[in-house]
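Enquirer: Dropping the structure in here first, questions after.
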Amino acid sequence: MKYFQQIHAPWIAEILPNLKQELTLNDARWLYNETRQKSVRVQRHTQSIILRGAKRLPGDTTHVREIQDSIDTSSASLFPQSMACLRRIAHGCHAALCRALYVRLAPRSVVYPHTDNGSYYAIRDRYHLVIESPGGSILRCGGEEVTMRNGELWRFDNKILHDSENASEEWRTHLIFDLLALRKSRHDSLFKSIRARFLRRIGSERNRV
């Protein structure tokens, strides 16, 4: 598939009950901040718990899709095992953890087709970890369709038109997050190249002595 990739992470099955327990213990948090579902029309059938959000400085009017830095929210401390899970995934993907949130989609409802535009999304990868999805989570992107199951971790291209569906009679819950790949800088690569040439030269001179 071009737009979807399932990530192999068998250890997630072991901690999934702990993540579900954190959600149960903090059930009231679903209604703590309703900005997302009220301001983003395509998300109007969802509820969310934001664990990491955009780091906005006082007085900054930059649109959220253009803000690069992320920061833990007040909800993050209530979900220590979820945060640990996110950081473990980020480490395994050689990436930095950016924004993250739990999202649940109401029974028999949809997230409408949309794309995630802006400089923030342009350089990051979007991941879905399925927490609870009776019957499977249907997600479509760029003409492709997958059904995600409990405990599965998926990466997909949210810069392409996509939508999702919950055909069941129960809430569908995902842990959704963005990762920024940690790429070696050009300066670091150049330094290592120069150092390697220097060591080869020293070795060659020693061999001639």
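The values are calculated or read from the model by the stated rules, or taken from the named source; none is laboratory data. This is a predicted model, so every value here is computed, not measured. In this analysis, Cβ positions are derived from the backbone assuming ideal geometry, glycine residues included, and neighbour counts consider all displayed protein chains.
Enquirer: Can you confirm whether I176 is among the hydrophobic types (A, V, I, L, M, F, W, C), touching a strand residue (DSSP E or B) at 6+ places or on another chain (Cβ under 7 Å), exposed (fewer than 15 other Cβ atoms within 10 Å of the Cβ) and modelled with pLDDT of 95 or more? Let's see the steps before the verdict.
Expert: Numbers: among the hydrophobic types (A, V, I, L, M, F, W, C): yes; touching a strand residue (DSSP E or B) at 6+ places or on another chain (Cβ under 7 Å): yes; exposed (fewer than 15 other Cβ atoms within 10 Å of the Cβ): no; modelled with pLDDT of 95 or more: yes.
No, not satisfied.
Enquirer: Using the structure shown, decide if L86 is in contact (Cβ under 8 Å) with a residue 60 or more places away in the chain, of a type outside the set (D, E) and part of a strand (DSSP E or B).
Expert: No.
Every residue, every condition in (1) closer than 30 Å to G143 by Cβ; (2) out of contact with any helix residue (DSSP H, G or I) (no Cβ under 6 Å at 6 or more places or on another chain), yes or no:
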{"residue": "W11", "(1), (2)": "no, yes"}
{"residue": "L19", "(1), (2)": "no, no"}
{"residue": "Q37", "(1), (2)": "yes, no"}
{"residue": "R41", "(1), (2)": "yes, yes"}
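Enquirer: Could you count how many residues in region 52-83 are outside any loop (DSSP other than H, G, I, E, B), in contact with a strand residue (DSSP E or B) (Cβ under 7 Å, 6 or more places away or on another chain) and free of Cβ contacts under 8 Å to residues at least 24 places away in the same chain?
Expert: Going through region 52-83 one residue at a time, the tally reaches 2.
Enquirer: Same structure again: Identify the single condition in (1) surrounded by fewer than 17 Cβ atoms within 10 Å (Cβ to Cβ); (2) more than 19 Å from W30 (Cβ to Cβ); (3) in contact (Cβ under 8 Å) with a residue 12 or more places away in the chain that A106 does not satisfy, given that it satisfies every other one.
Expert: The one condition A106 does not meet is (2).
Enquirer: Just checking, how many residues over region 1-20 are exposed (fewer than 11 other Cβ atoms within 10 Å of the Cβ), under 16 Å from the mean Cα position of the chain (by Cα) and part of a helix (DSSP H, G or I)?
Expert: 0
Enquirer: Also: Residue under question is L161, and the condition is that it be modelled with pLDDT of 95 or more and more than 22 Å from G53 (Cα to Cα); does it hold?
Expert: yes
Enquirer: Scanning region 132-150 for residues that are among the polar types (S, T, N, Q) and without any contact (Cβ under 8 Å) to a residue 60 or more places away in the chain, which turns out surrounded by the most Cβ atoms within 10 Å (Cβ to Cβ)?
Expert: S137
Enquirer: For region 89-103, which positions are assigned to a helix (DSSP H, G or I), among the small types (G, A, S) and surrounded by 18 or more Cβ atoms within 10 Å (Cβ to Cβ)?
Expert: Start the filter on region 89-103 by keeping residues that are assigned to a helix (DSSP H, G or I), which leaves 89-92.
So of that shortlist, the ones also among the small types (G, A, S) come out as 90, 92.
A90, the sole residue that qualifies.
Enquirer: Considering each of D27, D69 in turn, give the residue that is under 25 Å from L161 (Cα atoms) and modelled with pLDDT of 95 or more.
Expert: Every option except D69 fails the conditions.
Enquirer: Quickly run through region 21-41 and pick out the residues that are in a helix (DSSP H, G or I) and surrounded by 15 or more Cβ atoms within 10 Å (Cβ to Cβ). Can you show your working first?
Expert: Step one: of region 21-41, the residues in a helix (DSSP H, G or I) are 21-25, 27-31, 35-39, 41.
Across region 21-41, the qualifying residues are E22, L23, R29, W30, R36, Q37.
Enquirer: It is to be established whether one or more residues within region 151-158 are over 18 Å from the mean Cα position of the chain (by Cα), at pLDDT 95 or above and either surrounded by fewer than 21 Cβ atoms within 10 Å (Cβ to Cβ) or in a loop (DSSP other than H, G, I, E, B) (or both). Break it down into steps so the answer makes sense when it comes.
Expert: Looking only at region 151-158, we keep the residues that are over 18 Å from the mean Cα position of the chain (by Cα), and these are none.
No - not one qualifying residue is present in region 151-158.
Enquirer: Here's a follow-up. Collect the residues in region 65-79 that are out of contact with any helix residue (DSSP H, G or I) (no Cβ under 7 Å at 6 or more places or on another chain), of a type in the set (S, T, N, Q) and surrounded by fewer than 16 Cβ atoms within 10 Å (Cβ to Cβ), keeping them in residue-number order.
Expert: Hits for region 65-79 are S74, S77.
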